[in-house]
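The values are calculated or read from the model by the stated rules, or taken from the named source; none is laboratory data. Everything quoted here is computed from the prediction, not taken from an experiment. Here Cβ is always computed from backbone atoms with ideal geometry, including for glycine, and neighbour counts include all displayed protein chains. With ligands, DNA and RNA removed, areas are computed over all heavy atoms of the protein, side chains included. Shrake-Rupley method; radii C 1.70, N 1.55, O 1.52, S 1.80 Å.
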Amino acid sequence: MFRPKALGGALTALVTVSAGVFLAAAVSTSPAVAAGTGTGYLHTSGNQIVDSTGATVRLTGINWFGMETDNKTFHGLWSNNPWRGQLDTMARLGYNTLRVPYSNDALKPGATASGINDFVNPDLIGLSPLQILDKVIDYAGSKGMRIILDRHRPTAAGQSPLWYTSTVSEATWINDWKMLAQRYAGNTTVIGADLHNEPHAEGTNPAATGACWGCGDTTRDWRLAAERAGNAILGVQPNWLIFVEGVSCPSGGLSNVWDGDTSNDEDCGWWGGNLSKAGQFPVRLSVANRLVYSPHEYATSVYRQTWFDAPDYPANMPAIWDKYFGYLYKQNIAPIMMGEFGSTLVDPKDKVWLEKLMAYTGTGVTGMSFTYWSWNPNSGDTGGIALDDWTNINTAKQAILQPYLIAPSGGGTSEPPTGEPTGPPTDPPTGACTATYRQVNAWQGGFQGELTVKNTGSGAVNPWSVTWSWPSGVTLGSGWNATVTQSGTTVTAAAPSHAPSLPAGGSVTVGFTANGTASTPGTVKLSGTSC
(Lines give C-alpha, C1' and ligand atoms only; values in the text may rest on other atoms or scores of the structure.)
Protein backbone atom coordinates (compact mmCIF):
# COMPACT_ATOMS: atom_id res chain seq x y z
CA MET A 1 0.00 0.00 0.00
CA PHE A 2 1.76 3.25 1.08
CA ARG A 3 3.75 5.10 -1.57
CA PRO A 4 4.62 8.44 -3.15
CA LYS A 5 5.36 9.10 -6.74
CA ALA A 6 7.35 11.48 -8.85
CA LEU A 7 6.64 13.02 -12.22
CA GLY A 8 8.57 15.34 -14.47
CA GLY A 9 11.40 15.34 -11.97
CA ALA A 10 9.24 16.80 -9.21
CA LEU A 11 9.49 15.59 -5.65
CA THR A 12 6.10 14.28 -4.57
CA ALA A 13 4.35 13.62 -1.29
CA LEU A 14 4.17 10.34 0.57
CA VAL A 15 0.80 8.65 0.25
CA THR A 16 -1.01 5.51 1.29
CA VAL A 17 -1.45 3.08 -1.59
CA SER A 18 0.29 1.94 -4.83
CA ALA A 19 0.26 2.14 -8.59
CA GLY A 20 0.22 0.25 -11.94
CA VAL A 21 -0.91 0.09 -15.61
CA PHE A 22 -1.82 -1.94 -18.71
CA LEU A 23 -3.15 -2.19 -22.20
CA ALA A 24 -5.12 -4.32 -24.61
CA ALA A 25 -3.47 -5.97 -27.58
CA ALA A 26 -4.86 -8.05 -30.37
CA VAL A 27 -4.09 -11.76 -30.29
CA SER A 28 -3.70 -13.42 -33.64
CA THR A 29 -4.66 -16.90 -32.53
CA SER A 30 -7.50 -18.35 -30.48
CA PRO A 31 -5.82 -20.16 -27.60
CA ALA A 32 -7.55 -22.71 -25.44
CA VAL A 33 -9.32 -21.10 -22.53
CA ALA A 34 -8.95 -22.51 -19.03
CA ALA A 35 -11.94 -22.64 -16.71
CA GLY A 36 -11.42 -20.18 -13.88
CA THR A 37 -7.75 -20.17 -12.99
CA GLY A 38 -6.85 -23.36 -14.83
CA THR A 39 -5.18 -26.60 -13.85
CA GLY A 40 -1.92 -27.18 -12.04
CA TYR A 41 0.91 -24.69 -11.86
CA LEU A 42 1.00 -21.71 -14.22
CA HIS A 43 3.72 -20.51 -16.56
CA THR A 44 4.06 -17.92 -19.31
CA SER A 45 3.93 -18.04 -23.08
CA GLY A 46 4.76 -14.75 -24.75
CA ASN A 47 2.49 -12.17 -23.15
CA GLN A 48 0.05 -14.73 -21.77
CA ILE A 49 -0.22 -16.78 -18.59
CA VAL A 50 -1.12 -20.42 -19.26
CA ASP A 51 -1.89 -23.45 -17.10
CA SER A 52 -0.29 -26.89 -17.08
CA THR A 53 -2.35 -27.93 -20.12
CA GLY A 54 -1.35 -24.85 -22.11
CA ALA A 55 -4.76 -23.19 -21.76
CA THR A 56 -4.78 -19.41 -21.32
CA VAL A 57 -5.52 -18.07 -17.84
CA ARG A 58 -6.34 -14.51 -16.79
CA LEU A 59 -5.81 -13.62 -13.15
CA THR A 60 -8.55 -11.19 -12.07
CA GLY A 61 -7.91 -10.76 -8.38
CA ILE A 62 -7.93 -8.53 -5.36
CA ASN A 63 -5.60 -7.54 -2.52
CA TRP A 64 -6.48 -8.40 1.08
CA PHE A 65 -3.93 -6.64 3.23
CA GLY A 66 -3.04 -6.67 6.93
CA MET A 67 -0.32 -9.28 7.27
CA GLU A 68 2.22 -6.53 6.53
CA THR A 69 0.99 -4.37 9.43
CA ASP A 70 1.37 -4.58 13.20
CA ASN A 71 -1.62 -6.99 13.24
CA LYS A 72 0.46 -9.46 11.22
CA THR A 73 -2.70 -10.97 9.76
CA PHE A 74 -5.58 -10.06 7.49
CA HIS A 75 -7.50 -6.94 8.42
CA GLY A 76 -11.24 -7.29 8.91
CA LEU A 77 -10.92 -10.36 11.09
CA TRP A 78 -12.19 -8.01 13.80
CA SER A 79 -15.53 -7.61 11.98
CA ASN A 80 -18.73 -9.62 12.31
CA ASN A 81 -18.08 -11.30 8.96
CA PRO A 82 -15.91 -14.41 9.50
CA TRP A 83 -12.90 -14.90 7.31
CA ARG A 84 -14.53 -17.65 5.26
CA GLY A 85 -17.52 -15.42 4.57
CA GLN A 86 -15.24 -12.71 3.20
CA LEU A 87 -13.51 -15.15 0.85
CA ASP A 88 -16.92 -16.50 -0.21
CA THR A 89 -17.92 -12.99 -1.30
CA MET A 90 -14.67 -12.35 -3.17
CA ALA A 91 -15.04 -15.57 -5.13
CA ARG A 92 -18.72 -15.04 -5.83
CA LEU A 93 -18.04 -11.55 -7.19
CA GLY A 94 -15.50 -13.01 -9.63
CA TYR A 95 -12.12 -12.42 -8.01
CA ASN A 96 -10.15 -15.54 -8.87
CA THR A 97 -6.83 -14.55 -7.27
CA LEU A 98 -5.82 -13.17 -3.89
CA ARG A 99 -2.67 -11.08 -3.52
CA VAL A 100 -1.49 -11.30 0.08
CA PRO A 101 0.87 -8.57 1.34
CA TYR A 102 3.14 -9.52 4.24
CA SER A 103 6.13 -8.15 6.13
CA ASN A 104 9.12 -10.18 7.27
CA ASP A 105 8.03 -9.42 10.85
CA ALA A 106 4.99 -11.68 10.35
CA LEU A 107 7.27 -14.60 9.42
CA LYS A 108 9.48 -14.48 12.51
CA PRO A 109 9.31 -17.33 15.03
CA GLY A 110 6.97 -16.29 17.81
CA ALA A 111 5.13 -13.71 15.69
CA THR A 112 1.61 -13.12 17.05
CA ALA A 113 -1.50 -12.21 15.10
CA SER A 114 -3.82 -9.59 16.60
CA GLY A 115 -7.09 -7.83 15.79
CA ILE A 116 -9.15 -11.04 15.57
CA ASN A 117 -12.76 -11.29 16.71
CA ASP A 118 -12.55 -14.53 18.68
CA PHE A 119 -16.33 -14.92 18.80
CA VAL A 120 -16.69 -14.76 15.02
CA ASN A 121 -13.41 -16.53 14.20
CA PRO A 122 -12.89 -19.06 17.02
CA ASP A 123 -10.95 -21.34 14.66
CA LEU A 124 -8.15 -18.75 14.50
CA ILE A 125 -7.57 -18.50 18.23
CA GLY A 126 -3.93 -19.12 19.13
CA LEU A 127 -2.74 -19.52 15.54
CA SER A 128 0.42 -17.85 14.27
CA PRO A 129 0.29 -15.50 11.26
CA LEU A 130 1.59 -18.28 9.02
CA GLN A 131 -0.96 -20.77 10.35
CA ILE A 132 -3.76 -18.31 9.58
CA LEU A 133 -2.29 -17.87 6.11
CA ASP A 134 -2.32 -21.66 5.71
CA LYS A 135 -6.06 -21.76 6.44
CA VAL A 136 -6.82 -18.92 4.02
CA ILE A 137 -4.80 -20.62 1.30
CA ASP A 138 -6.55 -23.96 1.84
CA TYR A 139 -10.03 -22.44 1.74
CA ALA A 140 -9.27 -20.15 -1.20
CA GLY A 141 -7.87 -23.12 -3.08
CA SER A 142 -11.03 -25.12 -2.43
CA LYS A 143 -12.92 -22.38 -4.27
CA GLY A 144 -10.60 -22.42 -7.28
CA MET A 145 -8.78 -19.23 -6.30
CA ARG A 146 -5.03 -18.69 -6.65
CA ILE A 147 -2.68 -16.97 -4.20
CA ILE A 148 0.17 -14.53 -4.93
CA LEU A 149 2.41 -13.76 -1.95
CA ASP A 150 3.64 -10.17 -1.83
CA ARG A 151 6.66 -9.12 0.22
CA HIS A 152 5.17 -5.72 1.00
CA ARG A 153 7.50 -4.39 3.68
CA PRO A 154 10.70 -5.48 5.44
CA THR A 155 9.06 -4.63 8.78
CA ALA A 156 5.57 -3.67 9.89
CA ALA A 157 6.79 -0.10 10.38
CA GLY A 158 6.57 0.87 6.70
CA GLN A 159 7.72 0.42 3.14
CA SER A 160 11.28 0.82 1.94
CA PRO A 161 12.74 2.12 -1.34
CA LEU A 162 15.17 -0.79 -1.50
CA TRP A 163 14.54 -4.50 -0.89
CA TYR A 164 16.73 -4.41 2.22
CA THR A 165 17.22 -2.06 5.17
CA SER A 166 19.74 -1.66 8.00
CA THR A 167 17.76 -4.22 10.05
CA VAL A 168 16.49 -6.58 7.32
CA SER A 169 19.27 -7.79 5.05
CA GLU A 170 19.06 -9.06 1.49
CA ALA A 171 19.91 -12.50 2.87
CA THR A 172 16.89 -12.37 5.19
CA TRP A 173 14.67 -11.27 2.30
CA ILE A 174 15.80 -14.17 0.12
CA ASN A 175 15.85 -16.79 2.87
CA ASP A 176 12.30 -15.92 3.92
CA TRP A 177 11.19 -16.29 0.32
CA LYS A 178 12.86 -19.70 0.13
CA MET A 179 11.11 -20.72 3.36
CA LEU A 180 7.72 -19.77 1.90
CA ALA A 181 8.48 -21.58 -1.36
CA GLN A 182 9.33 -24.72 0.61
CA ARG A 183 6.29 -24.35 2.91
CA TYR A 184 3.88 -24.35 -0.02
CA ALA A 185 5.78 -26.70 -2.33
CA GLY A 186 3.29 -28.91 -4.13
CA ASN A 187 0.34 -26.66 -3.30
CA THR A 188 -0.83 -25.38 -6.68
CA THR A 189 -3.05 -22.76 -5.06
CA VAL A 190 0.08 -20.68 -4.34
CA ILE A 191 1.35 -19.66 -7.76
CA GLY A 192 4.14 -17.21 -7.15
CA ALA A 193 6.13 -14.45 -5.49
CA ASP A 194 5.77 -10.68 -5.86
CA LEU A 195 9.35 -10.08 -4.78
CA HIS A 196 9.24 -6.61 -3.20
CA ASN A 197 6.51 -4.00 -3.15
CA GLU A 198 7.05 -0.67 -4.88
CA PRO A 199 10.81 -0.12 -5.18
CA HIS A 200 11.26 3.62 -5.57
CA ALA A 201 13.61 6.58 -5.74
CA GLU A 202 15.23 8.24 -2.78
CA GLY A 203 17.71 11.08 -2.56
CA THR A 204 18.30 13.85 -5.08
CA ASN A 205 20.37 13.16 -8.19
CA PRO A 206 23.27 12.78 -8.62
CA ALA A 207 23.32 11.51 -5.02
CA ALA A 208 20.62 8.90 -5.58
CA THR A 209 20.11 6.29 -2.86
CA GLY A 210 16.90 4.61 -4.04
CA ALA A 211 16.06 1.71 -6.36
CA CYS A 212 17.29 2.12 -9.94
CA TRP A 213 16.69 -0.05 -13.00
CA GLY A 214 19.68 -0.97 -15.14
CA CYS A 215 22.19 1.30 -13.42
CA GLY A 216 24.48 -1.62 -12.60
CA ASP A 217 25.00 -0.73 -8.93
CA THR A 218 24.32 -4.04 -7.15
CA THR A 219 23.30 -2.21 -3.98
CA ARG A 220 20.55 -0.27 -5.79
CA ASP A 221 19.76 -1.97 -9.12
CA TRP A 222 16.33 -3.52 -8.60
CA ARG A 223 16.55 -5.49 -11.82
CA LEU A 224 19.67 -7.30 -10.60
CA ALA A 225 18.21 -7.89 -7.12
CA ALA A 226 15.04 -9.34 -8.66
CA GLU A 227 17.22 -11.78 -10.58
CA ARG A 228 19.05 -12.86 -7.43
CA ALA A 229 15.88 -13.41 -5.43
CA GLY A 230 13.89 -14.87 -8.32
CA ASN A 231 16.55 -17.43 -9.13
CA ALA A 232 16.96 -18.37 -5.46
CA ILE A 233 13.21 -19.03 -5.25
CA LEU A 234 13.18 -21.01 -8.50
CA GLY A 235 16.00 -23.13 -7.13
CA VAL A 236 13.59 -24.26 -4.41
CA GLN A 237 10.30 -24.06 -6.30
CA PRO A 238 10.81 -24.01 -10.09
CA ASN A 239 7.05 -23.98 -10.73
CA TRP A 240 6.37 -20.53 -9.26
CA LEU A 241 5.78 -17.41 -11.27
CA ILE A 242 8.10 -14.54 -10.36
CA PHE A 243 6.28 -11.19 -10.28
CA VAL A 244 8.59 -8.18 -10.68
CA GLU A 245 7.39 -4.63 -10.12
CA GLY A 246 8.93 -1.52 -11.63
CA VAL A 247 10.63 1.43 -9.93
CA SER A 248 9.54 5.06 -9.82
CA CYS A 249 12.59 6.76 -11.42
CA PRO A 250 15.03 4.55 -13.40
CA SER A 251 17.99 6.48 -11.93
CA GLY A 252 16.85 5.73 -8.39
CA GLY A 253 16.95 9.40 -7.44
CA LEU A 254 14.75 12.44 -7.69
CA SER A 255 15.65 15.36 -9.94
CA ASN A 256 16.78 18.61 -8.39
CA VAL A 257 13.66 20.64 -9.01
CA TRP A 258 15.19 23.72 -7.38
CA ASP A 259 18.06 24.19 -9.80
CA GLY A 260 15.88 25.86 -12.42
CA ASP A 261 17.05 23.46 -15.13
CA THR A 262 14.31 21.08 -16.26
CA SER A 263 16.07 19.90 -19.45
CA ASN A 264 17.58 16.87 -17.70
CA ASP A 265 14.75 16.15 -15.29
CA GLU A 266 13.88 12.48 -15.36
CA ASP A 267 10.50 11.10 -16.34
CA CYS A 268 9.31 9.32 -13.22
CA GLY A 269 6.13 7.39 -12.45
CA TRP A 270 4.30 5.72 -9.61
CA TRP A 271 6.23 3.76 -7.02
CA GLY A 272 6.67 0.29 -8.57
CA GLY A 273 4.97 1.50 -11.74
CA ASN A 274 7.84 2.40 -14.08
CA LEU A 275 9.03 -0.50 -16.22
CA SER A 276 10.22 1.72 -19.07
CA LYS A 277 13.78 0.26 -18.86
CA ALA A 278 12.73 -3.40 -18.64
CA GLY A 279 12.85 -3.79 -22.40
CA GLN A 280 16.46 -2.64 -22.52
CA PHE A 281 17.43 -4.37 -19.25
CA PRO A 282 15.16 -7.43 -18.86
CA VAL A 283 14.98 -9.59 -15.77
CA ARG A 284 16.84 -12.82 -16.53
CA LEU A 285 15.63 -15.90 -14.68
CA SER A 286 17.17 -19.36 -14.52
CA VAL A 287 13.90 -21.09 -15.43
CA ALA A 288 12.23 -20.06 -18.67
CA ASN A 289 8.63 -18.84 -18.84
CA ARG A 290 8.31 -17.75 -15.23
CA LEU A 291 8.59 -13.94 -15.44
CA VAL A 292 5.56 -11.67 -15.05
CA TYR A 293 5.99 -7.89 -14.86
CA SER A 294 3.72 -6.31 -12.28
CA PRO A 295 3.31 -2.51 -12.38
CA HIS A 296 1.12 -0.41 -10.07
CA GLU A 297 -1.23 2.37 -11.16
CA TYR A 298 -3.34 4.88 -9.24
CA ALA A 299 -5.73 7.79 -9.59
CA THR A 300 -6.06 11.28 -8.13
CA SER A 301 -7.15 10.05 -4.69
CA VAL A 302 -3.56 8.84 -4.24
CA TYR A 303 -1.72 11.70 -5.97
CA ARG A 304 -2.74 14.19 -8.65
CA GLN A 305 -0.19 13.47 -11.34
CA THR A 306 0.15 16.12 -14.07
CA TRP A 307 -1.41 13.87 -16.68
CA PHE A 308 -4.76 13.99 -14.89
CA ASP A 309 -4.98 17.72 -15.66
CA ALA A 310 -3.75 17.54 -19.25
CA PRO A 311 -6.14 19.17 -21.75
CA ASP A 312 -6.53 15.88 -23.63
CA TYR A 313 -7.29 13.75 -20.53
CA PRO A 314 -8.26 10.87 -20.63
CA ALA A 315 -7.20 10.37 -24.26
CA ASN A 316 -3.58 10.85 -23.14
CA MET A 317 -3.59 7.90 -20.76
CA PRO A 318 -3.00 4.93 -23.13
CA ALA A 319 0.27 6.46 -24.35
CA ILE A 320 1.41 6.94 -20.75
CA TRP A 321 0.55 3.36 -19.89
CA ASP A 322 2.29 2.16 -23.07
CA LYS A 323 5.47 4.00 -22.06
CA TYR A 324 5.65 2.73 -18.51
CA PHE A 325 4.85 -0.93 -19.14
CA GLY A 326 2.29 -1.58 -21.85
CA TYR A 327 4.95 -2.02 -24.51
CA LEU A 328 6.10 -5.20 -22.76
CA TYR A 329 2.72 -6.75 -23.48
CA LYS A 330 2.23 -5.25 -26.94
CA GLN A 331 5.63 -6.48 -28.07
CA ASN A 332 4.88 -9.97 -26.69
CA ILE A 333 7.85 -9.76 -24.30
CA ALA A 334 6.09 -10.89 -21.11
CA PRO A 335 2.70 -10.95 -19.39
CA ILE A 336 1.55 -7.99 -17.32
CA MET A 337 -0.17 -8.50 -13.97
CA MET A 338 -1.20 -5.13 -12.55
CA GLY A 339 -0.58 -5.79 -8.88
CA GLU A 340 -2.30 -2.70 -7.50
CA PHE A 341 -4.66 -0.03 -8.80
CA GLY A 342 -7.52 1.74 -7.09
CA SER A 343 -9.32 4.94 -6.12
CA THR A 344 -12.04 6.26 -3.85
CA LEU A 345 -13.84 7.41 -7.04
CA VAL A 346 -14.69 10.66 -5.21
CA ASP A 347 -13.24 12.74 -8.06
CA PRO A 348 -15.23 12.27 -11.31
CA LYS A 349 -11.89 12.02 -13.11
CA ASP A 350 -11.17 8.84 -11.20
CA LYS A 351 -14.26 7.07 -12.50
CA VAL A 352 -13.17 7.90 -16.05
CA TRP A 353 -9.63 6.74 -15.20
CA LEU A 354 -10.83 3.37 -13.90
CA GLU A 355 -13.12 2.80 -16.88
CA LYS A 356 -10.34 3.66 -19.34
CA LEU A 357 -7.77 1.57 -17.47
CA MET A 358 -9.97 -1.50 -17.44
CA ALA A 359 -10.70 -1.10 -21.16
CA TYR A 360 -6.93 -0.79 -21.72
CA THR A 361 -6.31 -4.16 -20.05
CA GLY A 362 -8.56 -5.82 -22.61
CA THR A 363 -11.60 -8.06 -22.35
CA GLY A 364 -11.76 -11.81 -22.11
CA VAL A 365 -9.19 -14.35 -21.08
CA THR A 366 -6.33 -12.86 -23.13
CA GLY A 367 -6.49 -9.48 -21.38
CA MET A 368 -4.00 -8.22 -18.82
CA SER A 369 -4.15 -9.85 -15.41
CA PHE A 370 -4.70 -7.72 -12.30
CA THR A 371 -5.33 -7.66 -8.56
CA TYR A 372 -7.39 -4.66 -7.45
CA TRP A 373 -6.40 -2.58 -4.41
CA SER A 374 -8.18 -3.51 -2.29
CA TRP A 375 -10.77 -5.67 -0.57
CA ASN A 376 -10.12 -3.66 2.60
CA PRO A 377 -12.32 -0.61 3.23
CA ASN A 378 -9.58 0.81 5.51
CA SER A 379 -7.13 1.67 2.73
CA GLY A 380 -6.79 5.38 3.45
CA ASP A 381 -6.63 6.85 -0.03
CA THR A 382 -8.55 4.28 -2.05
CA GLY A 383 -11.13 2.63 0.20
CA GLY A 384 -12.10 -0.88 -0.83
CA ILE A 385 -14.57 -3.16 -2.53
CA ALA A 386 -15.85 -4.12 0.91
CA LEU A 387 -17.69 -1.41 2.81
CA ASP A 388 -16.96 -0.59 6.45
CA ASP A 389 -18.93 -3.60 7.71
CA TRP A 390 -16.63 -5.91 5.71
CA THR A 391 -19.79 -7.60 4.35
CA ASN A 392 -21.56 -5.32 1.89
CA ILE A 393 -19.73 -4.04 -1.18
CA ASN A 394 -19.08 -0.80 -3.05
CA THR A 395 -21.38 -1.31 -6.03
CA ALA A 396 -19.98 1.65 -8.00
CA LYS A 397 -16.49 0.15 -8.10
CA GLN A 398 -17.72 -3.39 -8.59
CA ALA A 399 -19.87 -2.38 -11.58
CA ILE A 400 -16.79 -1.07 -13.42
CA LEU A 401 -14.65 -4.11 -12.63
CA GLN A 402 -17.34 -6.78 -13.09
CA PRO A 403 -17.15 -7.14 -16.91
CA TYR A 404 -13.46 -7.99 -16.63
CA LEU A 405 -13.69 -10.56 -13.84
CA ILE A 406 -13.37 -14.27 -14.54
CA ALA A 407 -14.78 -16.22 -11.62
CA PRO A 408 -12.74 -19.06 -10.12
CA SER A 409 -13.83 -22.60 -10.81
CA GLY A 410 -16.39 -23.31 -8.12
CA GLY A 411 -16.40 -19.66 -7.08
CA GLY A 412 -20.15 -19.43 -7.29
CA THR A 413 -20.85 -22.52 -5.24
CA SER A 414 -18.89 -21.94 -2.03
CA GLU A 415 -18.21 -25.61 -1.40
CA PRO A 416 -16.34 -26.60 1.78
CA PRO A 417 -12.59 -27.20 1.64
CA THR A 418 -11.27 -30.54 0.50
CA GLY A 419 -11.02 -32.98 3.37
CA GLU A 420 -13.56 -31.22 5.57
CA PRO A 421 -16.75 -33.20 6.24
CA THR A 422 -20.05 -31.93 5.01
CA GLY A 423 -23.24 -32.43 6.94
CA PRO A 424 -26.08 -34.52 5.57
CA PRO A 425 -28.74 -32.76 3.48
CA THR A 426 -31.23 -31.09 5.77
CA ASP A 427 -34.09 -32.78 3.90
CA PRO A 428 -34.34 -35.04 0.86
CA PRO A 429 -34.10 -32.86 -2.27
CA THR A 430 -37.75 -32.83 -3.31
CA GLY A 431 -38.27 -29.37 -4.78
CA ALA A 432 -36.35 -27.00 -7.00
CA CYS A 433 -33.40 -26.87 -4.62
CA THR A 434 -31.05 -28.90 -2.49
CA ALA A 435 -29.53 -27.87 0.81
CA THR A 436 -26.31 -28.93 2.50
CA TYR A 437 -25.22 -27.82 5.94
CA ARG A 438 -21.72 -27.68 7.38
CA GLN A 439 -20.96 -26.84 11.00
CA VAL A 440 -17.74 -24.85 10.90
CA ASN A 441 -17.14 -24.41 14.64
CA ALA A 442 -18.79 -24.76 18.02
CA TRP A 443 -17.98 -23.32 21.42
CA GLN A 444 -19.58 -22.97 24.83
CA GLY A 445 -22.92 -21.28 24.16
CA GLY A 446 -22.71 -20.95 20.40
CA PHE A 447 -21.68 -22.24 17.00
CA GLN A 448 -20.83 -21.21 13.42
CA GLY A 449 -22.28 -22.80 10.30
CA GLU A 450 -22.71 -22.55 6.55
CA LEU A 451 -25.87 -23.50 4.67
CA THR A 452 -25.36 -24.06 0.93
CA VAL A 453 -28.52 -23.99 -1.18
CA LYS A 454 -28.48 -24.95 -4.86
CA ASN A 455 -31.15 -23.93 -7.36
CA THR A 456 -31.99 -27.19 -9.16
CA GLY A 457 -34.91 -25.66 -11.04
CA SER A 458 -34.90 -24.76 -14.73
CA GLY A 459 -34.91 -20.99 -14.26
CA ALA A 460 -33.31 -18.27 -12.19
CA VAL A 461 -34.77 -17.27 -8.82
CA ASN A 462 -34.80 -13.46 -8.66
CA PRO A 463 -34.70 -12.20 -6.01
CA TRP A 464 -33.81 -15.26 -4.01
CA SER A 465 -34.32 -15.84 -0.31
CA VAL A 466 -33.58 -18.80 1.91
CA THR A 467 -35.49 -19.65 5.08
CA TRP A 468 -34.94 -22.28 7.73
CA SER A 469 -36.04 -23.09 11.23
CA TRP A 470 -34.13 -23.53 14.47
CA PRO A 471 -35.19 -25.10 17.75
CA SER A 472 -36.47 -22.76 20.42
CA GLY A 473 -33.58 -21.10 22.26
CA VAL A 474 -31.24 -20.88 19.25
CA THR A 475 -30.77 -17.27 18.18
CA LEU A 476 -28.91 -15.59 15.34
CA GLY A 477 -25.62 -13.89 16.17
CA SER A 478 -24.47 -12.62 12.78
CA GLY A 479 -24.84 -13.54 9.13
CA TRP A 480 -23.08 -12.91 5.82
CA ASN A 481 -23.49 -13.41 2.06
CA ALA A 482 -27.10 -12.30 2.58
CA THR A 483 -29.22 -10.09 4.83
CA VAL A 484 -29.95 -12.54 7.63
CA THR A 485 -32.73 -11.92 10.16
CA GLN A 486 -34.72 -14.02 12.64
CA SER A 487 -38.37 -13.97 13.69
CA GLY A 488 -39.31 -16.54 16.30
CA THR A 489 -37.72 -19.80 15.25
CA THR A 490 -37.61 -18.86 11.54
CA VAL A 491 -34.46 -17.42 9.98
CA THR A 492 -34.57 -15.57 6.64
CA ALA A 493 -31.57 -14.91 4.43
CA ALA A 494 -32.50 -12.35 1.77
CA ALA A 495 -30.41 -11.81 -1.37
CA PRO A 496 -27.95 -8.91 -1.19
CA SER A 497 -28.65 -6.04 -3.57
CA HIS A 498 -25.48 -6.71 -5.58
CA ALA A 499 -26.39 -10.36 -6.29
CA PRO A 500 -30.19 -10.68 -6.34
CA SER A 501 -30.44 -13.52 -8.85
CA LEU A 502 -29.62 -17.20 -8.29
CA PRO A 503 -29.36 -18.84 -11.72
CA ALA A 504 -30.45 -22.37 -12.52
CA GLY A 505 -27.69 -24.66 -11.29
CA GLY A 506 -26.22 -21.89 -9.14
CA SER A 507 -25.51 -22.13 -5.44
CA VAL A 508 -25.28 -19.70 -2.58
CA THR A 509 -23.70 -20.23 0.81
CA VAL A 510 -25.19 -18.36 3.76
CA GLY A 511 -22.84 -18.15 6.71
CA PHE A 512 -23.82 -17.38 10.27
CA THR A 513 -22.95 -17.51 13.92
CA ALA A 514 -25.63 -18.42 16.44
CA ASN A 515 -26.20 -18.58 20.18
CA GLY A 516 -27.42 -21.76 21.82
CA THR A 517 -26.95 -25.48 21.25
CA ALA A 518 -25.41 -26.32 17.87
CA SER A 519 -28.34 -27.24 15.60
CA THR A 520 -28.78 -28.21 11.95
CA PRO A 521 -31.16 -25.89 10.07
CA GLY A 522 -34.53 -27.51 9.44
CA THR A 523 -37.31 -26.99 6.85
CA VAL A 524 -35.00 -25.23 4.41
CA LYS A 525 -36.76 -23.38 1.59
CA LEU A 526 -35.58 -21.42 -1.43
CA SER A 527 -38.05 -18.60 -2.06
CA GLY A 528 -40.83 -20.71 -0.56
CA THR A 529 -39.94 -24.00 -2.26
CA SER A 530 -38.83 -26.80 0.07
CA CYS A 531 -35.40 -28.26 -0.49
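Over the chain, accessible surface divided per residue gives 34 Å², non-protein components excluded, 1.4 Å probe. Between T395 and A504, the contour length at 0.36 nm per residue exceeds the alpha carbon distance by 36.9 nm. How many percent of the accessible area of the chain is carbon or sulfur, using a 1.4 Å probe? With neighbouring chains kept in place, the figure for the chain is 53 percent.
For Q486 and N175, the difference between the fully extended length at 0.36 nm per residue and the C-alpha to C-alpha distance is 106.8 nm. Taking every protein chain into account, the 1.4 Å probe leaves F325 with about 0 Å² of accessible area, to the nearest ten. The charge dipole of the chain, taken about its Cα centre with unit charges on the Cβ of Lys, Arg, Asp and Glu (plus for the first two, minus for the last two), comes to roughly 1020 debye. Put a dot 7 Å past the Cα of D312, heading toward its Cβ, do the same for T53, and the two dots end up 4.5 nm apart.
Our summary gives the chain a relative contact order of 18 percent, counting only alpha carbon pairs under 8 angstrom and 6 or more residues apart. Remark on the chain: all cysteines pair up, each with another cysteine beta carbon under 4.7 Å. Positive-end ranking of A157, Q182, G279 along the dipole of the chain, with charges on Cβ about the Cα centre, is headed by Q182. Starting from the Cα gyration tensor of the chain, take the square roots of the eigenvalues, sort them a ≥ b ≥ c, and report rounded, prolate or oblate (rounded when a/c is under 1.5, otherwise prolate if a/b is larger than b/c, else oblate). It comes out prolate by the Cα gyration axes.
Given their separation in residues at 0.36 nm each and the Cα-Cα distance between them, S497 and T167 gain 114.0 nm when the chain is fully extended.
When both bridge partners sit in the chain, DSSP labels roughly 60% of those beta bridges antiparallel. Looking at the stretch 131-274, the DSSP beta bridges with both ends there are about 20 percent antiparallel.
Volume per residue for the stretch 312-405 equals 100 cubic angstrom (convex hull of Cα atoms). Looking at the square roots a ≥ b ≥ c of the eigenvalues of the Cα gyration tensor of the stretch 234-367, which shape do they give, rounded for a/c under 1.5, prolate if a/b is larger than b/c, or oblate? It comes out oblate by the Cα gyration axes. The distance between label points at D267 and A185 comes to 4.5 nm (points 7 Å beyond Cα on the Cα→Cβ vector).
Computed over the chain, the per-residue total of -39500 (n - 2.57) for DSSP H runs of n ≥ 4 gives a 222 nm mean residue ellipticity of -4500 deg cm²/dmol, rounded to 500. Using a simple spin-label model with pseudo-atoms 7 Å out from Cα toward Cβ, V346 and T475 lie 4.0 nm apart.
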